[in-house]
1. Kindly indicate which of I426, I398 is in contact with a strand residue (DSSP E or B) (Cβ under 7 Å, 6 or more places away or on another chain) and either open to solvent by less than 20 Å² (accessible area, probe 1.4 Å) or of a type in the set (D, E, K, R) (or both).
2. Please find, among L70, L62, L10, the residue that is modelled with pLDDT under 85 and touching a strand residue (DSSP E or B) at 6+ places or on another chain (Cβ under 9 Å).
3. Please count how many residues of the range 295-327 are under 25 Å from R30 (Cβ atoms), part of a helix (DSSP H, G or I) and either charged (D, E, K, R) or open to solvent by 50 Å² or more (accessible area, probe 1.4 Å) (or both).
4. Looking only at the range 384-395, decide whether some residue is open to solvent by 30 Å² or more (accessible area, probe 1.4 Å), farther than 21 Å from Y319 by Cα and part of a helix (DSSP H, G or I).
5. For the range 271-294, give me each residue that is touching a residue at least 12 places away in the same chain (Cβ under 8 Å) and in a helix (DSSP H, G or I).
6. Looking at R71, R120, which one is under 26 Å from I48 (Cβ atoms), open to solvent by less than 10 Å² (accessible area, probe 1.4 Å) and among the charged types (D, E, K, R)?
7. Scan the helices (runs of 4 or more DSSP H) fully inside the range 154-261 and keep the ones with 1 or more residues being of a type in the set (K, R), open to solvent by 20 Å² or more (accessible area, probe 1.4 Å) and modelled with pLDDT under 95.
Amino acid sequence: MGPVLIGAKLKMHGREPVPNVQNEREVKMRKLPNGVSNYEKIVKENMIYVDKTMYIEKMENLSDSTIMFLRPRKFGKTLFTSTLECYYDKNRADKFDELFGKTYIGKNPTPNKNRYCVLRFNFSGISTNTVEETMKGFREKVDIGINGFVTDYGLEFYNNPEQSTEGILGSVFEAFRTQKRGEKIYVIIDEYDHFANELLGFKTNEFKDLVAKNGKVRKWYEILKEGTETVVDRIFITGVAPITLDSTTSGFNIARDITKNIMFNDMLGFSKEDVKYLMTEIEMPEEKQEELLPIVKENYDGYIFSNMIKSDYEKYKIYNSNMTLYFLNAYQEQQEVPEELVDVNILSDYRKIEAFMDLCQNMNKIELLEKIVAEEPVESELTEKFNAEISFGEKELISLLFYLGYLTIKENEFGVLKFVTPNEVIRTIYSNYFLEYIKRKAGIKEEIKNGEMIKEILLDGKIDKAIEVLGTFLTNLSNRDYQRFDEKYIKVIFYSICRMLGAVYVKSELEVGGEYADILIIPREKLNERYGVLL
């Protein structure tokens with residue numbers, strides 16, 4: 001029996017009118033820190049801040065003084081490192097109450113507050129076009145950190161441009177030891193793996209040259225380790241994935257990775273309570289909160305980072321903080337749901353997925369991709385570290401997608417994890433990639449006319465034009481591709497076509513009245529006279 005199409009006119013409430021907001025209220029309204037990663041700026045400008053400072057105390061209670069903590073992009077890592085810098089910086093001791101008086105750590109300070117000279121590095125934004133450019137960018141980032149450190153703490157030091165990157169780090173440690181006797185350094189490294197991720201995805205040989213056994217980056221971390229024997233007391237390192245750990249840390253084996261520790265699952269990102277707090281702070285009425293929370297949850301929630309969780313997964317799910325702030329900021333400005341629910345730059349991330357998939361050898365990557373796009377769980381063990389010298393297989397790929405935030409943990413059964421896509425945004429990224437892949441295989445170069453398809457679905461409850469587009473894909477694929485054609489393959493292509501329309505939610509295998517729909521298409525906006533489609 002073929003697919004059955006049902007066009008049903010959905011009864012939706014009309015969009016509420018935009019309220020008149022008085023100028024006086026606009027002046028008094030506090031801002032959200034959307035795109036702001038400087039903690040001191042947030043406090044001084046009285047922006048709304050979700051307090052994560054209790055984790056400073058939790059980290060200090062650990063027995064380890066060198067901490068590694070990984071999270072995907074857009075999860076507030078840079079803001080957290082800025083918070084640490086403000087808390088531990090001895091030069092900010094007279095500002096402690098101003099900066100932290102309203103926070104948990106301000107009311108429960110640790111013995112180490114304002115104790116250190118903070119040496120902070122940020123390795124994001126390094127060009128990876130060539131090995132030479134990468135090392136030049138790495139050196140520039142090191143120089144920025146060291147020059148700021150020397151200035152902030154009055155160190156007499158000459159940054160010799162002829163000296164190697166690892167040599168200059170060793171020299172500044174030695175200068176500090178002789179000039180600042182009795183004082184200690186807290187080293188903070190933000191996005192330690194940013195350039196390594198880029199190299200791994202696109203230039204594997206260059207990646208190995210820099211971070212493998214004799215790589216210059218590895219040598220720099222060796223000097224950092226040596227610093228812990230003299231002047232470095234604590235280190236905090238953030239990044240996205242443990243790609244370079246085996247490589248750089250063969251000489252730097254002192255870091256404790258708390259990425260998957262259940263105690264720190266929501267150290268970054270937002271809980272449901274955090275989101276409701278933000279909504280309340282921007283003066284969103286309770287009934288509007290109840291209306292918008294499902295939209296925020298659908299698009300930005302769903303992340304679980306700890307493999308120690310065994311049950312009650314819903315309790316531990318985390319919202320992507322940056323994307324949530326983007327949504328709430330747009331609502332605060334417009335007093336309505338933004339037309340674009342996610343930054344277009346995020347949706348272009350499918351090219352990164354493609355690059356990492358190309359690393360895999362001897363596996364059917366597209367079969368794995370089809371399962372992910374069809375929202376079927378994929379099972380795998382979790383790789384703890386990625387080594388530049390080992391082959392990249394399915395387990396490594398699934399693990400990398402987890403660390404990058406493209407998959408999340410659904411279940412943990414006897415050490416074998418089930419991974420799924422966390423939310424609507426990530427599902428759209430996968431669908432975009434899958435459709436681009438199929439377009440290339442089918443040799444389709446012209447743009448698909450989304451506008452005609454979406455109008456027909458929403459206004460007429462028909463999918464004739466979407467079926468035409470599906471037919472274009474199927475008739476242009478090769479005979480070899482047809483050998484593996486089945487209902488699932490065709491369904492995934494059609495599913496991806498519908499997902500790229502933007503104005504609809506597309507659900508796969510959703511339970512409807514005790515049965516499961518192959519595909520359910522429903523309008524995003526709650527407007528009258530709009531159709532939903534059930535296949």
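1. I398
2. Only one candidate passes the filter, namely L10.
3. Selection size over the range 295-327: 3.
4. yes
5. Passing the criteria: K272, D274, V275, K276, Y277, L278, M279, E281, Q289, L292, L293.
6. R71
7. In the range 154-261, 204-211, 216-227 are the helices (runs of 4 or more DSSP H) which contain 1 or more residues that are of a type in the set (K, R), open to solvent by 20 Å² or more (accessible area, probe 1.4 Å) and modelled with pLDDT under 95.
Residues are listed down the side, and each one gets a yes or a no for (1) hydroxyl-bearing (S, T, Y); (2) within 23 Å of N147 (Cβ to Cβ); (3) open to solvent by 40 Å² or more (accessible area, probe 1.4 Å):
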site: K44; (1), (2), (3): no, no, yes
site: D64; (1), (2), (3): no, no, yes
site: T83; (1), (2), (3): yes, yes, no
site: N91; (1), (2), (3): no, yes, yes
site: D97; (1), (2), (3): no, no, yes
site: I126; (1), (2), (3): no, yes, no
site: T130; (1), (2), (3): yes, no, yes
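The values are calculated or read from the model by the stated rules, or taken from the named source; none is laboratory data. These numbers were taken from a predicted model, which means no experiment stands behind them. Note: ideal-geometry Cβ built from the backbone for every residue, glycine included; neighbour counts use all protein chains shown. Calculation scope for accessible area: heavy atoms of the full protein, side chains included, ligands and nucleic acids excluded. Shrake-Rupley method; radii C 1.70, N 1.55, O 1.52, S 1.80 Å.
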